[in-house]
1. So for each of 251-258, 709-716 I average, over its residues, the number of other beta carbons within 10 Å; can you give me the resulting order with the highest mean first?
2. Based on the mean of other beta carbon atoms within 10 Å per residue, what is the order of 270-278, 767-775, most packed first?
3. Counting other C-beta atoms within 10 Å, and keeping those with at most 16, which DSSP coil trypsin sites (Lys or Arg not before Pro) do you find in region 549-624?
4. With a 1.4 Å probe and all protein chains left in place, how much of the accessible area of region 513-660 comes from carbon and sulfur atoms, in whole percent?
5. If I take R0 = 35 Å and measure r between the Cβ atoms of D487 and S592 in this structure, what FRET efficiency does the formula 1/(1 + (r/R0)^6) give, to the nearest 0.05?
6. Ignoring ligands, DNA and RNA, what accessible area per residue does region 609-671 give at 1.4 Å, in Å²?
7. With every protein chain in place, what's the accessible area of V214 (1.4 Å probe, Å², nearest 10)?
8. Pull up all non-local amide H partners of I485: gap of 5 or more, or a different chain, and H-to-H distance under 5 Å with H placed in the peptide plane.
Amino acid sequence: MQGAGDSEWVDAGRDEPAVATVDRTKSKQMAEQSERVSGAGSAVLRWVRAIAGRRSPDMRDADRIGYVAAGVVVAVGLLGLAGGFAILLPDGKEAMEGRLALSLERRAAALNTEIRSAWVRSKALGTPAICQALQQLATNAHDGRARGRLADIVRGLRSPGFTAVAFRSAAGVEVGRFGTFVAAPALAVPVRLSTPSSLLWDDGYVLRTRIELVDGARVVGTMIVDWRLDPAVVGSVYRPGRFGDTLDFAVCSSTRAGRMDCFPIHSAGGRVLRDLPDRVGGHFIPMRYALDGKSGVARARDYRSVVSIAAYQPIGTLGLGAVLRLDADQLYAPIVRRMVPVLYVFPLLALGAILLLRVRTLPFVRRMEESEERFRTMADYTYDWEYWRGPSCRIVYMSPSCERITGYTQAEFLADPGLVERIVHPDDRQQVATHLAHYRDDTNHSLDFRIITKQGSVRWLAHSCSPIFRADGEFRGRRVSNHEITDRKRAEEELARAKERLELALEASSLSMWEYDIREGLVVLDEHWAELVGGAPGETVVAPEELVRRVHPEDASRMVRAAAATIRGGAAFFQEELRIQCPEGWKWILCSGKVDARDVDGRAVRMVGTNRDITQHKSAEERIHHWAYFDRLTNLPNRRLLEDRLQQLLVQARRKRSLVALLFIDLDRFKPINDVHGHEVGDWLLQAAADRMLACVRQSDTVARIGGDEFVAVLSEIHGVDDALSVAEKIRLALAEPFVLADGRSLAVSSSIGVAFYPAHGRGPRDLLRHADEAMYEAKAGGRDATVVFGGRSVGGDGDPALA
């Protein structure tokens with residue numbers, strides 16, 4: 001921020017973007033660097049194409065591969081360097097802007113904490129002894145002994161930062177003054193605290209607050225306190241730190257529409273700035289957004305026509321805004337200094353990489369050529385599917401027999417390195433992936449798995465592979481052999497299915513078994529199914545659609561999807577908890593099933609499974625869940641459910657900017673009734689009180705019992721304080737009505753109610769509960785049967801609101 005005659009920053013933030021001109025000199029330098037890199041990359045690519053296209057009879061494939069690889073390394077490196085520079089530079093700028101925003105957040109938090117701490121220390125001066133002395137002085141303003149005692153108390157309570165305090169009687173007559181007040185502050189702006197307060201500037205920040213002194217429920221006077229904020233904290237807030245000497249920290253407050261006052265900042269020569277406009281050139285300045293409660297980072301020009309970066313955010317809920325700005329050159333300079341030297345180091349690295357590539361790969365490629373020729377001579381004529389994978393698992397050789405077994409040609413496998421893994425059956429891919437994880441082991445591996453051929457059929461393979469090492473011990477890959485064993489596996493599967501059916505029959509005594517003939521479209525269920533659903537005795541044969549109609553609509557689609565996935569082979573089995581229609585109502589069953597027969601093409605032809613009655617188990621689960629969140633005596637939400645609902649309501653209120661009221665209700669004189677009449681009467685009274693409270697609130701509101709005779713009511717989306725006080729008064733009057741027992745005895749209780757509002761009295765559930773609890777205790781201390789709002793407002797037994 002600048003003085004009234006200076007140009008303010010022009011916002012380029014999120015809400016009303018303005019065009020911010022970048023530094024032309026730096027942009028030109030970056031463009032020239034990018035052009036040089038791109039030009040070098042193009043030249044290298046032309047050289048690579050020329051080498052790759054040569055067909056000299058004296059140049060072997062190994063030589064040509066070496067030259068092409070070296071050229072590719074240089075081309076990729078240059079292009080990657082240019083792309084990396086273009087990608088990382090914005091990321092670096094964003095990181096530096098994030099550091100600026102984080103620094104502002106810490107400074108604003110420190111200043112907010114110090115202001116609130118000064119208010120708390122000021123409020124602590126209003127002790128009961130002070131109130132007693134003020135009462136004596138109100139009776140006799142010339143009571144020297146009372147004045148002396150007042151002075152002694154103030155001297156005992158003074159602590160670092162205390163500047164001055166003045167005491168006034170209830171009639172407004174000043175009866176004592178201690179210390180020296182700031183007489184003519186350079187600037188004074190209001191701040192939002194629980195008592196009328198202002199922040200002053202007098203060669204430093206001074207908080208002035210006016211606090212009413214209360215003895216019981218009676219105002220006995222007021223005190224006005226000046227408290228100077230800790231210079232060490234203020235100094236740390238304004239210190240430039242590691243950012244640089246162009247850093248500015250500004251604190252401002254709105255005065256009237258479109259205007260603001262600001263405390264001194266460095267760029268304005270340490271002057272107070274009054275009545276500044278909140279926009280320049282038709283655009284809001286960043287401080288406007290901070291005063292509107294927004295946070296962010298804006299890029300703009302300052303009064304020197306230098307590009308600046310400004311972070312902005314509000315200072316807590318005090319009604320103040322804060323901005324931290326820095327010259328763009330100074331903020332981004334570390335990024336540029338670190339990235340530019342890479343351009344000069346790269347040529348050396350590229351040359352070293354080329355030489356290393358030439359020395360290391362050329363002999364290897366030549367040996368590979370010789371080895372491949374020998375391997376082809378043996379492997380091309382084998383009946384099994386053979387191939388060779390290199391050290392990086394890339395396919396080096398594929399035998400022609402791959403087409404007979406898989407349907408895919410050699411060219412297709414060599415052109416698509418991932419095809420070998422993709423044709424593996426979905427159910428076997430995990431074990432193949434585990435096998436590949438041990439690719440470089442020095443042991444032989446073998447496993448059986450299925451593949452899906454190009455024609456869509458399923459075949460079994462017996463896979464074995466052996467590691468290949470050079471004479472010097474260097475790993476060169478693996479030789480793989482796949483032998484088709486589809487017929488053997490089918491025989492094994494038939495034997496396993498017969499065994500599984502026998503085991504299921506032995507275990508089915510307490511279950512309802514079923515079998516689904518997929519080709520015929522019929523489901524056969526045993527006699528236990530009829531007992532379960534109340535049908536005719538004996539086996540039941542129905543179509544799947546008829547069974548689905550018995551299933552609860554909320555469960556039917558889930559069961560159908562699970563069964564379909566198992567039939568397709570996407571899952572080995574399914575197991576679903578479902579509700580089925582029975583004569584006595586809905587029953588819960590656990591339905592399990594799997595495919596136990598497929599045709600030669602892998603299509604499912606039969607499923608088997610069981611149904612088990614789990615109704616009692618589900619009922620027990622529901623009861624356990626209910627009592628985990630509700631009070632057993634009153635059936636009201638308990639503290640756990642209350643905090644969950646309150647947290648959700650606060651999130652909605654924060655989004656909608658609406659009010660939430662929390663009423664902390666305590667029954668007066670409940671314990672004597674409980675002791676005299678017994679716990680059974682006490683329990684009845686709590687239940688009856690809960691019913692009366694529920695009748696006083698809306699269905700969207702929450703009434704909870706949090707322990708003993710304490711209740712909490714949460715009112716959401718209210719229009720004002722009076723709405724909540726009206727509900728509180730209804731509850732208080734309802735609970736004050738006599739409670740008549742069955743034998744005609746009458747019980748009389750009342751209630752003390754504490755009220756706290758979001759966001760004024762807390763932004764989280766714990767803060768609201770604590771403040772409402774404190775207000776409730778104030779109601780009890782004031783004589784019970786009353787409602788008190790946290791911070792001072794109360795409703796007595798006559799229902800008239802008054803300031804405490």
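1. Descending mean neighbour count gives 709-716, 251-258.
2. 767-775, 270-278
3. Within region 549-624, the qualifying trypsin sites (Lys or Arg not before Pro) (loop, at most 16 other Cβ atoms within 10 Å) are R603.
4. Carbon with sulfur: 51 percent of the solvent-accessible area.
5. It comes to 0.70.
6. 59
7. The accessible area comes out at roughly 60 Å².
8. Amide H neighbours of I485: W460, L461, A462.
The values are calculated or read from the model by the stated rules, or taken from the named source; none is laboratory data. Model, not experiment: these values are computed from the prediction. Every residue, glycine as well, gets a Cβ built from its backbone with ideal geometry; the counts of neighbours run over all protein chains shown. All accessible areas refer to the heavy atoms of the entire protein, side chains included, with ligands and DNA or RNA removed. Shrake-Rupley method; radii C 1.70, N 1.55, O 1.52, S 1.80 Å.
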